[in-house]
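Down below is the structure, laid out as structure tokens.
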Amino acid sequence: MQNDDDSNRNNRSDQSDGNGGGFNWKGLVLLFIALSLFSLALLNRDGFDSRKQITYAEFVELVNSDKIVIDANREPTPYQLVVKQNEARRGQRIEGYYEQEGTSKSGAPLEPQPFWAPVILDFYGEELKTLLKSKNLEIADQPTVRESMGTMFLTFYLPTLLLIGLLILFFRHQLKSAGRGAMSFGKSKAKLMSMDKNKVTFKNVAGVEEAKEEVWEIVEYLRDPKQFQRLGGKIPKGVLMVGSPGTGKTLLARAIAGEADVPFFSISGSDFVEMFVGVGASRVRDMFEQGKKNAPCLIFIDEIDAVGRHRGHGLGGGHDEREQTLNALLVEMDGFDTQEGVIIIAATNRPDVLDPALLRPGRFDRQITVNLPDVNGREEILKVHAKKIKLAEDVNLGVVARGTPGYSGAELANVINEAALLAARKGLNAVTLAELEEARDKVRWGKERRSLALSEDEKELTAYHEAGHALLGMLVENADPVHKVTIIPRGPALGVTMYLPEEDKHSYKKKYCLDWLILIMGGRVAEELIFNDVTNGASGDIRMATNMARKMVCNWGMSDELGMVEYGEGQEQVFLARDISSPRNYSESTAQKIDAEVKRLTDEAHAEATRLLTENRTALEAIAQALLEYETIDGAHMKEIMEHGRIINPPSRPTPPDIPDEGTPAVPEKKKATDEGGDFPGDLAPVGA
């Protein structure tokens, strides 16, 4: 890695570049000095003198009135009449002293006043001699004082030239500063990250052990390149990290740089393309030039899909600046030698849209998938972030990890932070498990809205809706255990039923999916049984059930009618131009069969949910009444209701929030019976593959 002097030098150069676009105060000061010198030169040019300027006629009058003073013996300056010749100006002037009338404040006579008057000797020469001779005055016998060209240069031309030079420098600097962007569009915007402060190592990265093992080779190569070169091995030129948002791709790249102790350049994919043609390609070339100068180093390109999208899939025709930038990136990655020690690391969450030429060996040789952490990874991530806060001694982060399936590393960090803030608001000395669970629910579903005004009918409707979900969760065989049921509004939901899976699920059996469909129908079926009516509160449940059934039929081959055939492209994410141009790969009759099969699965689940809730209506009503009384019950209370018909160990009574949102009650809203966006927490028991 570069030494501290090099790092400081780079930082200083960055700072100077950054400040160059500001106002040029130094140039302004120099300009002021030049203007001052020019002004002095003009004053001197125009006769900056203590002598009083009079006309030739006034001089003649002074001579006739005998007011001209002559004292050749006066020290240090004698009073004499002197004629000065200025060859540069082609003129003459007569200088001398005349008496002043009046007295000073002390009563003494005033000193003679020095003066000068212009005179043209060629015209007034004889007349002037006659006049002076009549008054016994004569011109002092001294050499003619001439203002030489050297004096003119020093007193006038030099300040003028200095002013012009400073003006040129000033405006040139201002133009360069103002045009720094215009003249430097082709310069790379890659930032050299300083590792002196907040250095990140693999100790700061948890939950992605496999990814850390894969990139460890890069760290070893950067530490000791000769170890690999000795056997002829070549380190990958590029590493592409793929993963969902928040899984730690950027953090892992910084950890690689921190462990390898090498310069780390960071740039976003969107920084390449500007409004001017050719800028992106120029910036790519400049970025690789910087990398070669600082080799061995790492160049990290975040969100590379912004510039690396598949060529030829853009909408419309004409020149595509993004494609030219991609072409330059392809050439540079395949053009420089791996032995130079410049390694490209890129991150994206859309690998499906990247150009195949970018992914071939020789460019991005290795793809590292950074998955969402499993239960052990989540616990490790929680431990890393929990070091920054004070936890209570009885807090078991493993319980929190089990209750956060599908959470990314960024979300887990947010859970820890929200828990610390919540404990601070409560005035606690440490963060307890209650704050962690509240923070977990807040991060995923939003803050409790206890101030939301609900009528008793809406509360009762919400209670039975959630009771239907919770009861079916206790009755079906393949459901995850019920963790908590609440009718306290949270986020967009008026009630939530949460499930706590015993382990992470990566594959789903058909029986599990069918039981999950039954469980989803619990809210709507409970409304039908108790109120003999339905509401729009089950819209989220219907959407979730439809998506599940369609995946079973179209993607997972779980339909006997349609068999093991995939219908559709099977792409989770949309690539606009590609999807518009790709036709449907099945016929209209097959589409009708798919719709019929999806409806059959949902209808059968609805019928089974109706049967189960009808047979256990007493338990359904007991759960709903417990929710109306306590607002929130957990899995242990559900077991007590199923075994004893009531809650043996009731929870604490609900309390109002510690800090009201605005100090005033919320305006009553005409709200749905439950959340429109889906009150069933599929996040705690994922239904997607």
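The values are calculated or read from the model by the stated rules, or taken from the named source; none is laboratory data. As the structure is a computational prediction, the values presented were derived from the model and not from experiment. When we count neighbours, we look across all protein chains shown, and the Cβ atoms used for this are built from the backbone with ideal geometry, even at glycine. When the accessible area is computed, the model is the full protein with side chains, heavy atoms only, and any ligands, DNA or RNA have been set aside. Shrake-Rupley method; radii C 1.70, N 1.55, O 1.52, S 1.80 Å.
In table form, for the structure just shown:
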{"item": "Number of the condition not met by Ile416 [criteria: (1) touching a Leu at 6+ places or on another chain (Cβ under 6 Å); (2) assigned to a helix (DSSP H, G or I)]", "result": "(1)"}
{"item": "Unmet requirement for Leu162, which otherwise passes all of (1) at pLDDT below 75; (2) under 24 Å from Arg51 (Cα atoms); (3) open to solvent by less than 100 Å² (accessible area, probe 1.4 Å)", "result": "(2)"}
{"item": "One residue from Ala470, Ala434, Ala479 being open to solvent by less than 20 Å² (accessible area, probe 1.4 Å) and among the small types (Gly, Ala, Ser)", "result": "Ala470"}
{"item": "Selected residue [within 24 Å of Glu380 (Cα to Cα) and in contact (Cβ under 8 Å) with a residue 40 or more places away in the chain] from Gly406, Gly446", "result": "Gly406"}
{"item": "Hey, Leu613 on the phi < 0 side of the Ramachandran plot and modelled with pLDDT of 80 or more or not", "result": "yes"}
{"item": "Single residue of region 396-418 satisfying the filter (of a type in the set (A, V, I, L, M) and surrounded by fewer than 18 Cβ atoms within 10 Å (Cβ to Cβ)) that is modelled with the highest pLDDT", "result": "Ala410"}
{"item": "Residue in region 499-516 that is in contact (Cβ under 8 Å) with a residue 60 or more places away in the chain, out of contact with any Pro (no Cβ under 7 Å at 6 or more places or on another chain), open to solvent by less than 40 Å² (accessible area, probe 1.4 Å) and more than 24 Å from Gly568 (Cα to Cα) present", "result": "no"}
{"item": "Residue within region 447-460 that is polar (S, T, N, Q), open to solvent by 50 Å² or more (accessible area, probe 1.4 Å) and within 18 Å of Gly246 (Cβ to Cβ) present", "result": "no"}
{"item": "Long-range neighbours under 7 Å by Cβ, at least six apart or interchain, first residue in contact (Cβ under 8 Å) with a residue 12 or more places away in the chain and closer than 20 Å to Ile235 by Cβ within region 324-335, second in a helix (DSSP H, G or I) and open to solvent by 10 Å² or more (accessible area, probe 1.4 Å)", "result": "Leu330/Ala357; Glu332/Arg285"}
{"item": "Selection within region 91-119 - open to solvent by 30 Å² or more (accessible area, probe 1.4 Å), over 17 Å from Asp66 (Cα atoms) and touching a residue at least 60 places away in the same chain (Cβ under 8 Å)", "result": "Pro118"}
{"item": "Qualifying residue in region 525-532 (condition: crowded, with 24+ Cβ neighbours inside 10 Å and over 25 Å from Thr404 (Cβ atoms))", "result": "yes"}
{"item": "Tally, over region 404-442, of residues that are touching a strand residue (DSSP E or B) at 6+ places or on another chain (Cβ under 7 Å) and not hydrophobic (A, V, I, L, M, F, W, C)", "result": "1"}
{"item": "Which listed residue is modelled with pLDDT of 85 or more and in a helix (DSSP H, G or I), from Glu323, Glu393, Glu380", "result": "Glu380"}
{"item": "Residue ID - modelled with the highest pLDDT, chosen from residues in region 30-57 that are closer than 16 Å to Tyr97 by Cβ and surrounded by 14 or more Cβ atoms within 10 Å (Cβ to Cβ)", "result": "Ile54"}
